[in-house]
Every structure is written in C-alpha cells, then in structure tokens.
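Let me begin by presenting the structure, written as structure tokens, before commenting on it.
The values are calculated or read from the model by the stated rules, or taken from the named source; none is laboratory data. Treat the numbers as computed from the prediction; the structure is a model and nothing was measured. Glycine gets a Cβ as well: all are built from the backbone with ideal geometry, and neighbour counts include every protein chain shown. What goes into the accessible areas is simple: the full protein's heavy atoms, side chains included, and nothing from ligands, DNA or RNA. Shrake-Rupley method; radii C 1.70, N 1.55, O 1.52, S 1.80 Å.
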Amino acid sequence: MTPAPAAALTAPGKALSYSSDDIKRMLPHRWPMLMIDRAYDVVPGVSGRGIKSVSVNEPFFAGHYPDHSIMPGVMIVEAMAQLVAVVYVAEIVENGMGNGMAPGDGDPASGDGDASRNVGYLGSISTMKFSRLVVPGDQLTLQATLGQRLGGLRQVKVRASVGSELAAAGTLVVTTGRKG
C-alpha cells in the first residue's frame, strides 16, 4: 500500500501541500527537467507556492558560465511554469477527475489515474523581468496565480524570489490541456 499524498491529509477547503513524490505523480517531467521540489499553499485551480532548491549539481551549470555559475532565466521560467501545472492539476486530482475519472473513482495522484496527462504547455511568456542572479545554494520561492481563461489558454502571474529579494516576475500564458 502506498502512503497517501500529503495533500490527502489536508482538510477540505484548506491550502494543500505536495511533496516531490506527489509532484512526480502530477507532472510528466523527470530529472533533469523536474524543476520544483515542493509545492505548498496550493489552492487547486487558483494559486500556489513552491520551492526550487538550486544545487551546484544541476546539469546546466556545467555549461552556463562555468566560472560564474548562474541559473539560466529559461530554467527559472520553467520552474514557475511547473508550479502552474501543479496548481492546475491539483484541481483535477482533488476532484478525482484525472484522465476521465469520475469523483470517487480513485486518486490520480496515488497512481490510480494519470493526472500528468492533463498538463498543458507553456504558450507564451507575455512579460518577464529578471531582477537578481540565481546561484548554487539559493532557494527559489515560487508563486503562481492563475488568471482568466482565454479559450484553451490561461493567463498566469508568476514570481520567483530568493529570500526577500525578487529574482523574476511576469505573466505566462499556458494551455489548459494537451493535444494528441
């Protein structure tokens, strides 16, 4: 028997928390492209926060300014987009409707369904400003707030901080589902 995801232990109506193992069940990403370590304060379908611990062992540091390691901006954006996917998929998981399941048919995050099939794609980076370099040893705190739907797209406000310092902030547009 597999342990219940952290989210299943949270009372209804409260913000949820997801461990790295929960996130692996929610997203199709795997190492080296799984960019978030934990998600918390997740209000399914609305908003959430996440953590990305930046290690010197990240594969991109080998070639991205090897004598002055900085996390590429595109990887920061990817981490923010993956948090968006967790917030989006959390709504499906918590409603028990991953991959065509009806409520009560099982928990997609526990492996009974494949919630990761509901993860869409990054459609555009509408605006993004980078304010601080992110280096090994930093812990990125990510925030995502889903905005209005525009057909099959959704606008999202995102932020990444290191401590009290803003590292990046902007607006993404994501697809709300995956085609073929």
Matching residues in the range 1-20 - criterion: being surrounded by 12 or more Cβ atoms within 10 Å (Cβ to Cβ) and either modelled with pLDDT under 95 or touching a Cys at 6+ places or on another chain (Cβ under 8 Å) (or both):
Ala4, Pro5, Ala6, Ala7, Ala8, Thr10, Ala15
Residue that is surrounded by the most Cβ atoms within 10 Å (Cβ to Cβ) [pool: residues in the range 129-142 that are closer than 16 Å to Glu78 by Cβ and in contact with a Leu (Cβ under 8 Å, 6 or more places away or on another chain)]
Leu142
Tell me, yes or no, whether the range 69-80 has at least one residue that is modelled with pLDDT of 90 or more and over 20 Å from the mean Cα position of the chain (by Cα).
yes
Out of the range 63-79, which residues are closer than 14 Å to Val158 by Cα and either touching a helix residue (DSSP H, G or I) at 6+ places or on another chain (Cβ under 9 Å) or open to solvent by 50 Å² or more (accessible area, probe 1.4 Å) (or both)?
Val74, Met75
Apart from one, (1) open to solvent by 60 Å² or more (accessible area, probe 1.4 Å); (2) modelled with pLDDT of 95 or more all hold for Gly48; the odd one out is (1)
Would you please list the contacts, defined by Cβ atoms under 8 Å and residues six or more apart or on different chains, that run from a residue in the range 66-93 that is closer than 14 Å to Thr176 by Cβ to a residue that is of a type in the set (Lys, Arg)?
Tyr88/Arg154
